[in-house]
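Everything below concerns the one structure shown next.
The values are calculated or read from the model by the stated rules, or taken from the named source; none is laboratory data. Remember, it's a predicted structure, so these values are computed and weren't measured experimentally. Positions of Cβ are backbone-derived with ideal geometry, glycine not excepted, and every protein chain shown enters the neighbour counts. When the accessible area is computed, the model is the full protein with side chains, heavy atoms only, and any ligands, DNA or RNA have been set aside. Shrake-Rupley method; radii C 1.70, N 1.55, O 1.52, S 1.80 Å.
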Amino acid sequence: MNKGHAKAKVLVTGGAGYIGSVLTRVLLEKGFHVTVLDSFMYRQTPLLDCCAEDAFEVVRGDCRDERLVTDLMRDKDIVIPLAALVGAPLCDQDRMGAVTTNLEAVRLLCKLAARSQMVLFPVTNSGYGIGEAGKFCTEDSPLRPISLYGETKVEAEKVVLDRENSITFRLATVFGASPRMRMDLLVNDFVYRAVHDRAVVIFEGDFKRNYIHVRDVAKVFVHGIEHFDVMKNKTYNVGLENANLSKLELCQAIQRLVPSFVFLEAPIGEDPDKRDYFVSNARILGTGYHPDWSLERGIRELVKCYVVARKGGCANA
Ligand SMILES: NC(=O)c1ccc[n+]([C@@H]2O[C@H](COP(=O)([O-])OP(=O)(O)OC[C@H]3O[C@@H](n4cnc5c(N)ncnc54)[C@H](O)[C@@H]3O)[C@@H](O)[C@H]2O)c1
C-alpha cells in the first residue's frame, strides 16, 4: 500500500462499470479510500472482491440524485465521475436519460464540488477527425461529435474544465478484460468473434482508430491524481502511440494470435462510426505517463477472458 494516499478519499460514480470496476481495485491497492456510487443498471456484480476491504464503500443509487450526491461528496478529496449511458446506440435509445446522466449530473457535481476537490473526468475522443480523413489530431484539434453520446460528453468536458481544479482524459477506444465486461467495444468485439464465430465482415476497413487498455486507463487516473498540480486544468489524449491501426490491421493483429480467424471487407456499405484519425499522445507522455499494455498483450488476455465470459451474461449487446 502506498502510504502517501492512505487518507485520500475518492468518490467514483459509475464505479461498477467497465472502467470503474478496474479503477476501483487499483485505487484500493494504491491506498485510497474509495466510495462507489452506481445504479448497477447492468445487474452486474463486479465489485464483490472489493467488499472485503475496509477502505471500500458502495452505494446503490443515481448520480442525478442531488441529495445523495451532496451527501457523498461532502468528505471527498477526489471525484471521478464515470457514470454515464455509454455509446451512441444506448444514448439514442434513451435520449433524455443520456442528457440527464452524461451532462446534467456532471453539471450538478461540478456545482456541488468545493474548489479544493479534484475532479478527473473521461471523455471519448470519437469526435476528432470527422470529415477529415487521415488527420493527425492533438488536444487543440476541434471535437465535432456526430452522436448524442459524443455531444453530451464534449459538453460535459467543457463544464468540468470551466470549474478549474480538474483534468479530463480523451480516451481512445478502450480494450481488455474487466469484471463488468463490455463486448461492444471494437477490439473486444472482434476478438470475441474471432474466438467464437471465427469470422467477421468489416466495413470501411482502412479507417484508422486508436486504442488503450482498460488497465492503462486506470493507470492514467492514478497518474493524474499523483501529478495533479502540474497537470490540472488541461485535457489529455490517452491512447497507444504505436496502435493507430485500421480495422484491417486490427484484424491482422488478431489473426496472428488466433490463426483460425477469417475476416472479409465488404465491398459496399458504411460504418456509422466515422472515426478515421491519427491521435497524438505527446502531451500525456510528456508528463511521464507510459501505458503498459500493448494491443497484442490485450488480445492474448481477451482470448482467455472469453473462455470465462460469454454474450448474454453481464455484457452489453
Ligand atoms: N469504454 C470506453 O471506450 C470509453 C471511452 C471514452 C470515455 N469513456 C467514459 O468512461 C466512463 C465509463 O465508461 P464504461 O466503458 O466503464 O461504461 P459502463 O457502461 O461499463 O459504465 C457506466 C456505469 O455507470 C452506471 N450508471 C449509469 N447511469 C447511472 C446513473 N444514473 N447513476 C449511477 N450510475 C449510473 C452504470 O451502471 C455503469 O456501471 C463513461 O463516462 C464513458 O463515457 C469510456
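Could you count how many residues in the range 202-226 are within 14 Å of the ligand (Cβ to nearest atom), of a type outside the set (Val, Ile, Thr) and assigned to a strand (DSSP E or B)? Count: 4. Evaluating Asn165 against the criteria (1) among the polar types (S, T, N, Q); (2) in contact (Cβ under 8 Å) with a residue 40 or more places away in the chain; (3) more than 15 Å from Pro81 (Cβ to Cβ) leaves one unmet condition, (3). Restricting the range 155-181 to residues that are part of a helix (DSSP H, G or I) and buried (at least 21 other Cβ atoms within 10 Å of the Cβ), the residue that is nearest to the ligand (Cβ to nearest atom) is Ala156. On the given criteria, is Arg144 out of contact with any helix residue (DSSP H, G or I) (no Cβ under 7 Å at 6 or more places or on another chain), open to solvent by 30 Å² or more (accessible area, probe 1.4 Å), charged (D, E, K, R) and touching a residue at least 12 places away in the same chain (Cβ under 8 Å)? Yes, satisfied. Selection over the range 208-226 of residues that are open to solvent by less than 10 Å² (accessible area, probe 1.4 Å), farther than 14 Å from Phe278 by Cα and touching a strand residue (DSSP E or B) at 6+ places or on another chain (Cβ under 9 Å) gives a count of 7. Whenever a residue of the range 53-65 is farther than 16 Å from Val22 by Cα, its partners that are among the aromatic types (Phe, Trp, Tyr) and within 15 Å of the ligand (Cβ to nearest atom), lying with C-beta atoms within less than 8 angstrom and at least six residues away or across chains, give the pairs Arg60/Phe40. Selection of the range 224-253 for residues being touching a helix residue (DSSP H, G or I) at 6+ places or on another chain (Cβ under 8 Å), at pLDDT 95 or above and not hydrophobic (A, V, I, L, M, F, W, C) yields Gly224, Asn233, Lys234, Thr235, Tyr236, Asn237. Scanning the range 227-272 for residues that are part of a loop (DSSP other than H, G, I, E, B) and open to solvent by less than 40 Å² (accessible area, probe 1.4 Å) yields Gly239, Leu240, Ala243, Val258, Phe261, Ala266, Asp271.
Of all residues in the range 196-219, those that are of a type in the set (S, T, N, Q) have Cβ atoms under 8 Å from Cβ atoms of residues that are assigned to a loop (DSSP other than H, G, I, E, B) and modelled with pLDDT under 90, 6 or more apart or on another chain, in Asn210/Asn125; Asn210/Ala243. Applying the condition of being small (Gly, Ala, Ser) and assigned to a loop (DSSP other than H, G, I, E, B) to the range 8-48 and asking which residue is farthest from the ligand (Cβ to nearest atom) yields Gly31. Any idea which of (1) over 21 Å from Val154 (Cβ atoms); (2) in contact (Cβ under 8 Å) with a residue 24 or more places away in the chain is the one Ile268 doesn't satisfy? If we test Ile268 against (1) over 21 Å from Val154 (Cβ atoms); (2) in contact (Cβ under 8 Å) with a residue 24 or more places away in the chain, just (2) comes out false. From the list Asn125, Asn102, the lone residue that is modelled with pLDDT under 95 and either under 16 Å from the mean Cα position of the chain (by Cα) or within 21 Å of Arg25 (Cβ to Cβ) (or both) is Asn125. For beta carbons closer than 6 Å, sequence separation of 6+ or different chains, a first residue in the range 111-123 that is within 28 Å of Ser147 (Cα to Cα) and a second that is in a strand (DSSP E or B) and basic (Lys, Arg), the qualifying pairs are Val123/Arg170.
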